[in-house]
Amino acid sequence: MEKYGIGQPVRRKEDVRLITGNSHFTDDLNAEGQLHAYFLRSPHAHARIIAIDTTGAKAAPGVVDIFTSTDTEADGLGTLPCLVDLTELDGTPLFKPSRSVLATGTVRLVGEAVAMVVANSLNQAMDAAEKIEVDYQVLPAVVSSVRALEADAPLLWPERGSNVCLHWQNRDRGDVDTIFDGAHKVVAVDLVNNRVVPSPMEPRCALADYDALSGKSTLYAPTQGGHRIQRTMSKAILKIPDGDLRIVSYATGGGFGVRSKLYPELVLTVWASRKLARPVKWRGDRSETFISDIHGRDQINHAELALDADGKALALRIETFLNVGAYLSENGPRIPITAGGRIVGGAYDIPALYFSVHVMFTNTTPTDTYRGAGRPEANYIMERLMEKAAIEMAIDGLEIRRRNFIANHAFPYTTQMGMVVDCGDFAATMDQALDIADWNGFAARRFEAAGQGRLRGIGLGYYLEAAGGRISEEMRVKFEPDGTVTIVAGTFSHGQGHHTVFSQIISETLGVEFDDVNLVQGDTDIIPDGAVGTFGSRTSQMGGVGLVRACAKIIDKGKVIAGHLLQTDAAGVRFQDGEFLSGDSSVSLADVAQAAFDPQRLPDGMDPGLDESYHYERGKDENNYPNGCHICEVEVDPDTGNLEIVAFAAVDDCGKILNPMIVHGQVHGGIAQGVGQALCEHTVYDEVTGQLLTGSYMDYAMPRADQFPPMVVDFNVVPSPLNDLGVKGAGEAGCCGAPSALVLAVLDALKDLGIRHIDMPLTPERVWRTIQDARAAG
């Protein structure tokens, strides 16, 4: 079994099914007699709805019904909840306006659903939607958090009296200001963490079916775990028992946080199916996903670092303006505070912190969790500060980082935000990255590039991540009568390779053949009630450790059965390599599992079967903290502003590696998304009308394969002492280190021009203009 055990680079079980087109996506599903839904969306970013006339549309061919907020309110549908509870320093709670599933009274962003058309075909529904007459009174719009702060800015929620729904602070700033006043050096940066659009391969879609006899609905939709969505939708909105709603998820084409949320379209598809007693299917096109799926990032940061004469950090001040869009989504307001806030200060020892976040409403798509969820932004702030401190204090950038890293002897280290970092060896990880990137040979490469008229630069980004997410998960291990093992997982794989890694854990722990392990996930009628799902880089710990502990329960029961079969005391039975041993006698786990289904071969009073679950409750301080060092090398053409990534190296500490091939893939994917934000992805709204100007891939630039060189990825394994497997998360690491590495590489390339700052994304046009401005300034 060693070939397929923990730590082996086993090829993914999932890949053949996925690359041969034999996987099921939601849009592949159809139900007999299904109807098709289409949503009429607001063309305005901010407007009052004076009247909606659906008379002509209802008479259109094929139309079964048309619904507006009048219908949803008559049926008592609840509003979409924000699950965040935060307060200001004086105890003032977060302002939480309600969000109806269909616009009521006022629309606050382009693309907000105003009406739902249900027809016999999608084309008929689309044609009918064009006949709906909506009388709008257009209102002024605001799309940036800076503009939203101004005294004359349009108000999204007049009853609030401001576009700030929360001003959160970690503490009173007085003591920190005093440290700054006495510091030897203070450096400051003003940064934009640009808004990005998540892009799973399959646009968001849903198929809802209703069984009138049982009163039960089934929703097929791509999610990152159905129970959380099920509980919120059934209790808070549809107001039906949990058991009356089943959610099934198959392939998703990627999650990235966008698949973990409850959207109006999901609720309405289920509600319409129940109301019409027919299956209802909806699939948004790519343009709809651009305006209706949650967006990510969109922060403006002002940060300051106080240092002593030796370049050691004394205190950190951060002022963040977070654009949450028109409504508060599930976790939107907490992204920089309790998500990114877990690692504010990054890998560095920060003795004092003042952290302020203004959460701002604008007439834009709501923002929420996107791969990394606040941690890429927080790390970017720290790396830009460290590099600026190095320049202004004339200290080598590597050296100033070494002086400020959290020391190995300081672990477990409690941050200024009260989080406990378990372990790490940051200096060694950086040294390993410097070695594989050939940092010392860079000067020669820069000289060679200069001879070809190109500006070469190198940048280093160190990151600290916080993996964990929600604190509980349930995993089940079940032997089948044919000897195979079924894992019933509360986690949900949407590209991470869970089937492979979980099979490796079972193979090593129980000695079961790798190919005899099957995975069941994504069905709320089957997966345990305690299931939560996959997000926040939590599965290796929550799911993996849950499996190990469920296997331990399997072994314990197996020892009792083996003792009975061997006619010996179970206390004297030991388990090793798939065998139960007692003295010179033994019986295989396969034989024990077979015996478990035969009541005649079981001890008296024992329930048949070999089927155990483990509900893993993680302690408050059992987060794990992946970290790593990413190094990017670029060449810039000064005449065009075009830049080429010529080398990228990364060394990550993800704790114990369960499957290096899969973790390499996770790191590569995270780097690609981080580079995408830094290089080309940019969400742009018209400042006056609030229209999304980058509403398709014609204007929104995704990174492409030819923009990436071969990436060199390695690991510095420092096992976490806080869980059975010693693992740390890996899924979001790449996008935490890549942005700062790329931006600092470009700034290094341009430093001889006196350029010290460029905001992401570093498009050729932006780089070219910066070069022209620098040359004009001499």
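The values are calculated or read from the model by the stated rules, or taken from the named source; none is laboratory data. Computed from a prediction, not measured in an experiment: that's the story for all the values here. Don't worry about glycine lacking a Cβ; one is built from the backbone with ideal geometry, like all the others, and counts go over all protein chains shown. Each accessible area value is taken on the protein alone, full model and side chains, heavy atoms only, with ligands, DNA and RNA left out. Shrake-Rupley method; radii C 1.70, N 1.55, O 1.52, S 1.80 Å.
Any idea which of Arg402, Arg342 is at pLDDT below 95 and either closer than 30 Å to Pro43 by Cα or of a type in the set (D, E, K, R) (or both)? Talk me through it step by step, then tell me what you get.
Values: Arg402 fails: at pLDDT below 95.
Just one listed residue meets the conditions, Arg342.
In the range 355-374, what count of residues is obtained for those that are at pLDDT 95 or above and open to solvent by less than 10 Å² (accessible area, probe 1.4 Å)?
Residues flagged as at pLDDT 95 or above and open to solvent by less than 10 Å² (accessible area, probe 1.4 Å) within the range 355-374 amount to 13.
Going by the conditions given, is Arg549 within 14 Å of Arg470 (Cβ to Cβ) and of a type in the set (D, E, K, R)?
no
Checking the condition among the hydroxyl-bearing types (Ser, Thr, Tyr) and under 15 Å from Thr320 (Cβ atoms), which residue from Tyr380, Tyr413 passes? Step through it out loud before you land on a result.
Working: Tyr413 fails: under 15 Å from Thr320 (Cβ atoms).
After applying the criteria, what remains is Tyr380.
Tell me whether the range 58-67 contains one or more residues that are in a helix (DSSP H, G or I) and surrounded by fewer than 20 Cβ atoms within 10 Å (Cβ to Cβ). Spell out how you get there, then give the answer.
Of all residues in the range 58-67, those in a helix (DSSP H, G or I) come to 58.
Now drop any that are not surrounded by fewer than 20 Cβ atoms within 10 Å (Cβ to Cβ), which leaves 58.
Checking the range 58-67: at least one residue is in a helix (DSSP H, G or I) and surrounded by fewer than 20 Cβ atoms within 10 Å (Cβ to Cβ).
Looking only at the range 42-52, count how many residues are surrounded by fewer than 20 Cβ atoms within 10 Å (Cβ to Cβ) and in contact with an Asp or Glu (Cβ under 7 Å, 6 or more places away or on another chain).
2
Residues in the range 47-54: is at least one under 30 Å from Asp523 (Cα atoms) and part of a loop (DSSP other than H, G, I, E, B)?
Initially, the range 47-54 is screened for residues under 30 Å from Asp523 (Cα atoms), giving none.
No: zero hits.
Regarding the range 162-175, can at least one residue be identified that is closer than 29 Å to Pro81 by Cβ, free of Cβ contacts under 8 Å to residues at least 24 places away in the same chain and not acidic (Asp, Glu)?
Checked against the condition, which is being closer than 29 Å to Pro81 by Cβ, free of Cβ contacts under 8 Å to residues at least 24 places away in the same chain and not acidic (Asp, Glu), the range 162-175 yields at least one hit.
Which of the residues that make up the range 304-348 are of a type in the set (Ser, Thr, Tyr) and farther than 29 Å from Glu392 by Cβ? Don't jump to the end; show me each part of the working.
Here is the first cut: in the range 304-348, the ones of a type in the set (Ser, Thr, Tyr) are 320, 327, 329, 338, 348.
Within the range 304-348, Tyr327, Ser329, Thr338 meet the criteria.
Of the numbered conditions (1) open to solvent by 10 Å² or more (accessible area, probe 1.4 Å); (2) on the phi < 0 side of the Ramachandran plot; (3) modelled with pLDDT of 95 or more; (4) not hydroxyl-bearing (Ser, Thr, Tyr), Asp285 fails exactly one; give the number of that condition.
(3)
Residues of the range 488-547 being outside any helix (DSSP H, G or I) and of a type in the set (A, V, I, L, M, F, W, C), which ones? Full working, then the answer.
Taking the range 488-547 as the starting set, the residues that turn out to be outside any helix (DSSP H, G or I) are 488-497, 511-513, 517-538.
Correct list: Val488, Ala489, Phe492, Val512, Val517, Leu519, Val520, Ile526, Ile527, Ala531, Val532, Phe535.
I'd like the full set of residues that are assigned to a helix (DSSP H, G or I) and within 18 Å of Ala390 (Cβ to Cβ), limited to the range 743-778. Lay out the reasoning, then the answer.
Quick first cut of the range 743-778, residues assigned to a helix (DSSP H, G or I) only: 743-749, 751-753, 764-776.
Within the range 743-778, Val743, Leu744, Ala745, Val746, Leu747, Asp748, Ala749, Lys751, Asp752 qualify.
Among the strands (runs of 3 or more DSSP E) lying completely within the range 600-706, list those that include at least 2 residues that are of a type in the set (A, V, I, L, M, F, W, C) and closer than 21 Å to Glu732 by Cβ. Explain how you work it out, then say what you get.
Values: elements: 611-617, 627-636, 643-653.
Counting at least 2 such residues, we get 627-636, 643-653.
Any residue at all in the range 126-133 that is in a strand (DSSP E or B), open to solvent by 60 Å² or more (accessible area, probe 1.4 Å) and closer than 29 Å to Pro279 by Cα?
Here is the first cut: in the range 126-133, the ones in a strand (DSSP E or B) are 133.
Next, from what is left, pick out any that are open to solvent by 60 Å² or more (accessible area, probe 1.4 Å): 133.
Narrowing the set further to residues that are closer than 29 Å to Pro279 by Cα leaves 133.
Taking every residue of the range 126-133 in turn, at least one turns out to be in a strand (DSSP E or B), open to solvent by 60 Å² or more (accessible area, probe 1.4 Å) and closer than 29 Å to Pro279 by Cα.
Would you mention how many residues in the range 695-745 are open to solvent by less than 30 Å² (accessible area, probe 1.4 Å) and farther than 22 Å from Gln432 by Cα?
Adding up the residues that qualify gives 4.
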